[in-house]
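The values are calculated or read from the model by the stated rules, or taken from the named source; none is laboratory data. Keep in mind it's a predicted model, so treat the numbers as computed, not measured. Don't worry about glycine lacking a Cβ; one is built from the backbone with ideal geometry, like all the others, and counts go over all protein chains shown. Just so you know, the surface numbers come from the protein's heavy atoms only, side chains and all, with ligands and any DNA or RNA stripped out. Shrake-Rupley method; radii C 1.70, N 1.55, O 1.52, S 1.80 Å.
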Amino acid sequence: MTERDIILTELAQGLRPMSQGIEWFDTHSPEEQAEILLFLRHHGVQARAVTEDGPESIRHAGLRPTHTPAVLITCGPIDQQLRKIAGLTPVDERRKVFRLLAEVLAVADERRRERLCSGGCGHWWHNLPVANG
């Protein structure tokens, strides 16, 4: 597990505020940001995100329904849409994409934890302490 894994997991679980996540995201180059977005997309799919997670993720991310990532997530099969969203390249869209993908992971992983890991599990990402400032 890397620092990136921990930070993104803490964001998805609400153990770290999104403001810290955005600050961290902004410290990376455009190429590194693209890798981070692909990581979030991949883990959202692995957490079994479903199309119905889109509207809740949009609300939690604080996006308007007219923002490009919000429009995309509601327009088809979620795995295809997440690929398109993660691939958005305009700099002004990157923060929106980051917030939305982190929330997709949060929504899907919360459901997964409730259904599959409620009695406890050995997943390191379900056993993180609260982040320090």
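Here His60 passes the criteria (1) under 19 Å from Glu32 (Cβ atoms); (2) in contact with an Asp or Glu (Cβ under 6 Å, 6 or more places away or on another chain) except the one numbered (1). Within region 28-64, the set of residues being among the hydroxyl-bearing types (Ser, Thr, Tyr) and farther than 17 Å from Glu3 by Cβ comprises Thr51, Ser57. When residues in region 51-69 are screened for being touching a residue at least 12 places away in the same chain (Cβ under 8 Å) and over 20 Å from Arg112 (Cα atoms), 5 of them pass. The condition of being of a type in the set (Lys, Arg), touching a residue at least 12 places away in the same chain (Cβ under 8 Å) and not in a helix (DSSP H, G or I) holds for only one of Arg48, Arg95, that being Arg48. Taking region 26-45 as the search range and keeping residues that are part of a helix (DSSP H, G or I) and of a type in the set (Gly, Ala, Ser), which one is most open to solvent (accessible area, probe 1.4 Å)? Going through the qualifying residues, I end up with Ala34. If the condition is being without any contact (Cβ under 8 Å) to a residue 60 or more places away in the chain and open to solvent by 60 Å² or more (accessible area, probe 1.4 Å), then region 13-25 contributes Pro17, Ser19, Glu23.
Name the single residue, out of those in region 3-12 being under 19 Å from Gln46 (Cβ atoms) and over 12 Å from the mean Cα position of the chain (by Cα), that is least open to solvent (accessible area, probe 1.4 Å). Show your work before the answer.
Going residue by residue through region 3-12, those that are under 19 Å from Gln46 (Cβ atoms) are 4-12.
Keeping just the survivors that are over 12 Å from the mean Cα position of the chain (by Cα) gives 4, 6.
Values: Arg4: 76, Ile6: 51 Å².
So the residue we want is Ile6.
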